[in-house]
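Here is the structure we will look at, set down as structure tokens.
The values are calculated or read from the model by the stated rules, or taken from the named source; none is laboratory data. Just so it is clear, the model here is predicted, and its values are computed rather than measured. Glycine gets a Cβ as well: all are built from the backbone with ideal geometry, and neighbour counts include every protein chain shown. What goes into the accessible areas is simple: the full protein's heavy atoms, side chains included, and nothing from ligands, DNA or RNA. Shrake-Rupley method; radii C 1.70, N 1.55, O 1.52, S 1.80 Å.
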Amino acid sequence: MYASSEQRLTRFINAGYSSLLPGGLKGLEKESLRVSPDGWIARTPHPGALGSALTHPYITTDYSEALLEFVTPPFVNVHDTMEFLDRIHRFVYSKLDDEMLWATSMPCRVGDDASIPIGRYGTPNVGTMKHVYRRGLSHRYGSVMQTIAGIHFNYSFPEPFWAAWRDIESDRRPRHELISDGYFRLVRNFQRFGWLVPYLFGASPAICKSFLAGRKGEFEEFDSGTWYQSFATSLRLSDIGYKNKNQAALRISLNHLDDYVESLTRAIATPFPAYEAIGVRENGEYRQLSPNFLQIENEYYSFIRPKQIAQSGEKPTLALKRRGVRYVEVRALDVGAFDPTGVNEEQLRFIEAFLGFCMFQDSPPVSDEEQRLIEHNQSKVACCGRDPHLSITINGESRPVAEWATLFCQAMRGYCELLDSGNPDVPYVRGLERQLEVAANPALMPSSRVLAEMRARDESFFEFALRKSLEHKQFFEQPPLAPDVVSEFEALAAKSLEEQAQIEARDELSFGQYLERYFAQA
């Protein structure tokens, strides 16, 4: 089934290009809820000592004032990526007083939607737009769902890789077309096979009852405060998680850059009756950016996104249209409770090798029928992936999930060996061997370990997550950051506040005029 991947990899190696696969850039975006000592979502504003959430390059917020987002620069060595993420955590903890960061993707002690503070970004138009967009999410999907945290892995192939790819594919198109089509073939295959990531690394098999306001649905009761599903891997990615069920009708195309941009642009311009009923403005106050299927591109949820760095005020779709794809953003990782940063190097190395496989494997266009199958596979693995009787269908063939996982891991060995070139510790191969063990023994999966630890300690999900959060707080508080690193982060915070003030001073348009100009870009 994976002969095309093996054949391309063989041609790549025989042509003398082995050294061109390592060296890709790896960055992270990690979300964490700020919580009070008793585990409730913090109601306090974004701490001023962390700088401006609008302009700080590494420390911002996602949906809520309480949902911190840490962004690392991209590094060649994944160890450097993780080290930078660690430093961000340590600096943030030095400014949090008695608050802490929640250790899991799923929140716990949550009230109603009104109790969750929506992110604020000051008075400039760009900051107002970010806030109104989040207000629209609240009206559309509720604020509680938006408190779910995740980890995004950003990856780009080394620049010299693309000349080698052109050679082995005998592709003479302009470079930007070659690169964009290459990333889109990867994206299509990651959509097909990316269920493997939550299968192996999913860490959200249980939720607090407060998250669903007491509604049981299809859940089992773990204890008086916890719902769970026996074989779940990632409830974050299940039907109760971070999804927009209305988007199934959009059929966002991943078959070509132009199709992707066109279908996203159409969704942003097409009214949706339920959102029209919300209204855009009420008593002079904006309730959402528009009444359309999507307010902006970021509202489209998927396992993976093709990305280009947008210039200030530039729509992401236009950035892609003008300059092509620059990197991909993998969005399928839960925040892991067993790692203080929520993720570890072994996981990131595995995903890097998996992205290599997705690039080299044949990637035909995705039909509507296959898209429905892809969504089915993703959903079933999220809710029931550890069920030994669960089978999924790929390319017309049905197999048990564990068998598929083993086949994919085996197909990744050549990529791991290439990425390990020159490293006697062979961390990529060792990480792959570890995941082969996990696929053979689901008890080793993070989702299994969460439930096993809760049972062994007679803990609710809340008690488990609170204990882990306290452990992580202690980890990041000792040892403290070196004074020069603290000074560097403090300078970044001060600079970000100055930059926000400068943006505010430059604003000349009303917010309505700003929005009109923003959406008129073409």
Criterion first (crowded, with 19+ Cβ neighbours inside 10 Å and within 28 Å of Arg134 (Cβ to Cβ)) does Leu21 satisfy it? no
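Out of the range 12-47, which residues are without any contact (Cβ under 8 Å) to a residue 24 or more places away in the chain and either in contact with an Asp or Glu (Cβ under 8 Å, 6 or more places away or on another chain) or assigned to a helix (DSSP H, G or I) (or both)? First the steps, then the outcome.
The initial filter retains those residues of the range 12-47 that are without any contact (Cβ under 8 Å) to a residue 24 or more places away in the chain, namely 14, 16.
Once the filter is applied, which keeps residues that are without any contact (Cβ under 8 Å) to a residue 24 or more places away in the chain and either in contact with an Asp or Glu (Cβ under 8 Å, 6 or more places away or on another chain) or assigned to a helix (DSSP H, G or I) (or both), the range 12-47 yields only Asn14.
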Mind listing just one residue for me: the one in the range 475-505 that is over 19 Å from Gly51 (Cβ atoms) and part of a helix (DSSP H, G or I) and, of those, most open to solvent (accessible area, probe 1.4 Å)? Phe475
Looking at the range 293-311 only, could you name the residues that are open to solvent by 20 Å² or more (accessible area, probe 1.4 Å), over 18 Å from the mean Cα position of the chain (by Cα) and in contact (Cβ under 8 Å) with a residue 12 or more places away in the chain? Phe293
Looking only at the range 213-229, which residues are under 19 Å from Phe462 (Cα atoms) and without any contact (Cβ under 8 Å) to a residue 60 or more places away in the chain? Gly214, Arg215, Lys216, Phe219, Glu220, Glu221, Trp227
Could you tell me whether the range 197-212 includes any residue that is buried (at least 22 other Cβ atoms within 10 Å of the Cβ), hydroxyl-bearing (Ser, Thr, Tyr) and either outside any helix (DSSP H, G or I) or in contact (Cβ under 8 Å) with a residue 24 or more places away in the chain (or both)? yes
Residue that is hydrophobic (A, V, I, L, M, F, W, C), open to solvent by less than 10 Å² (accessible area, probe 1.4 Å) and either farther than 24 Å from Ser19 by Cβ or not in a loop (DSSP other than H, G, I, E, B) (or both), where the choices are Ala164, Ala114: Ala164
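Suppose we filter Glu471, Glu463, Glu490 for residues that are over 23 Å from the mean Cα position of the chain (by Cα) and within 28 Å of Ile351 (Cβ to Cβ); which single one remains?
On the way: Glu463 fails: within 28 Å of Ile351 (Cβ to Cβ); Glu490 fails: within 28 Å of Ile351 (Cβ to Cβ).
After ruling out the rest, the residue left standing is Glu471.
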Do we have any residue at all in the range 83-101 that's under 22 Å from Ser204 (Cα atoms) and assigned to a loop (DSSP other than H, G, I, E, B)? no
For the range 431-467, which residues satisfy the criterion of being within 25 Å of Gly356 (Cβ to Cβ) and either without any contact (Cβ under 8 Å) to a residue 60 or more places away in the chain or of a type in the set (Phe, Trp, Tyr) (or both)? Glu433, Leu436, Glu437, Ala440, Leu444
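Among Gly119, Gly150, Gly142, which is the only one that is within 18 Å of the chain's Cα centre (by Cα) and in contact (Cβ under 8 Å) with a residue 12 or more places away in the chain?
On the way: Gly119 fails: within 18 Å of the chain's Cα centre (by Cα); Gly142 fails: within 18 Å of the chain's Cα centre (by Cα).
After ruling out the rest, the residue left standing is Gly150.
Only one of Thr317, Thr341 is in a loop (DSSP other than H, G, I, E, B) and open to solvent by less than 30 Å² (accessible area, probe 1.4 Å); which? Steps first, answer last, please.
Details: Thr317 fails: in a loop (DSSP other than H, G, I, E, B).
Selected residue: Thr341, the only one of Thr317, Thr341 that is in a loop (DSSP other than H, G, I, E, B) and open to solvent by less than 30 Å² (accessible area, probe 1.4 Å).
When you look at Leu333, is it open to solvent by less than 30 Å² (accessible area, probe 1.4 Å), touching a residue at least 60 places away in the same chain (Cβ under 8 Å) and in a helix (DSSP H, G or I), yes or no?
no
One line per residue, one yes/no per condition, for (1) surrounded by fewer than 20 Cβ atoms within 10 Å (Cβ to Cβ); (2) at pLDDT 95 or above; (3) touching a Leu at 6+ places or on another chain (Cβ under 7 Å):
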| residue | (1), (2), (3) |
| --- | --- |
| Met1 | yes, no, no |
| Ser4 | yes, no, no |
| Arg11 | yes, yes, no |
| Ala15 | yes, yes, no |
| Lys30 | no, yes, yes |
| Ala49 | yes, yes, no |
| Val76 | yes, yes, yes |
| Leu85 | no, yes, yes |
| Phe91 | no, yes, yes |
Answer yes or no: is there a residue in the range 169-176 that is open to solvent by less than 40 Å² (accessible area, probe 1.4 Å), in a helix (DSSP H, G or I), free of Cβ contacts under 8 Å to residues at least 40 places away in the same chain and over 18 Å from Tyr300 (Cβ atoms). no
Could you tell me whether any residue of the range 383-401 is at pLDDT 95 or above, within 30 Å of Ile88 (Cβ to Cβ), open to solvent by less than 20 Å² (accessible area, probe 1.4 Å) and part of a helix (DSSP H, G or I)? no
Looking at the structure I just gave you, is Arg434 open to solvent by 20 Å² or more (accessible area, probe 1.4 Å) and closer than 13 Å to Arg349 by Cα? yes
Answer with yes or no whether Ser379 is without any contact (Cβ under 8 Å) to a residue 12 or more places away in the chain, surrounded by fewer than 22 Cβ atoms within 10 Å (Cβ to Cβ), over 29 Å from His472 (Cβ atoms) and polar (S, T, N, Q). no
For the range 108-138, which residues satisfy the criterion of being among the β-branched types (Val, Ile, Thr) and more than 24 Å from Ala310 (Cβ to Cβ)? Val110, Ile116
For Val261, indicate whether it is assigned to a helix (DSSP H, G or I), within 22 Å of the chain's Cα centre (by Cα), within 22 Å of His152 (Cβ to Cβ) and aliphatic (A, V, I, L, M). yes
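Being among the hydrophobic types (A, V, I, L, M, F, W, C) and touching a Lys or Arg at 6+ places or on another chain (Cβ under 6 Å) is the filter; apply it to the range 123-154 and report the residue that is nearest to Ser238 (Cα to Cα). Lay out the reasoning, then the answer.
So the first thing to find is which residues in the range 123-154 are among the hydrophobic types (A, V, I, L, M, F, W, C), and the list is 126, 129, 132, 137, 144-145, 148-149, 151, 153.
Checking which are touching a Lys or Arg at 6+ places or on another chain (Cβ under 6 Å) leaves us with 148, 151.
Numbers: Ile148: 12, Ile151: 16 Å.
So, considering only residues that are among the hydrophobic types (A, V, I, L, M, F, W, C) and touching a Lys or Arg at 6+ places or on another chain (Cβ under 6 Å), the one nearest to Ser238 (Cα to Cα) is Ile148.
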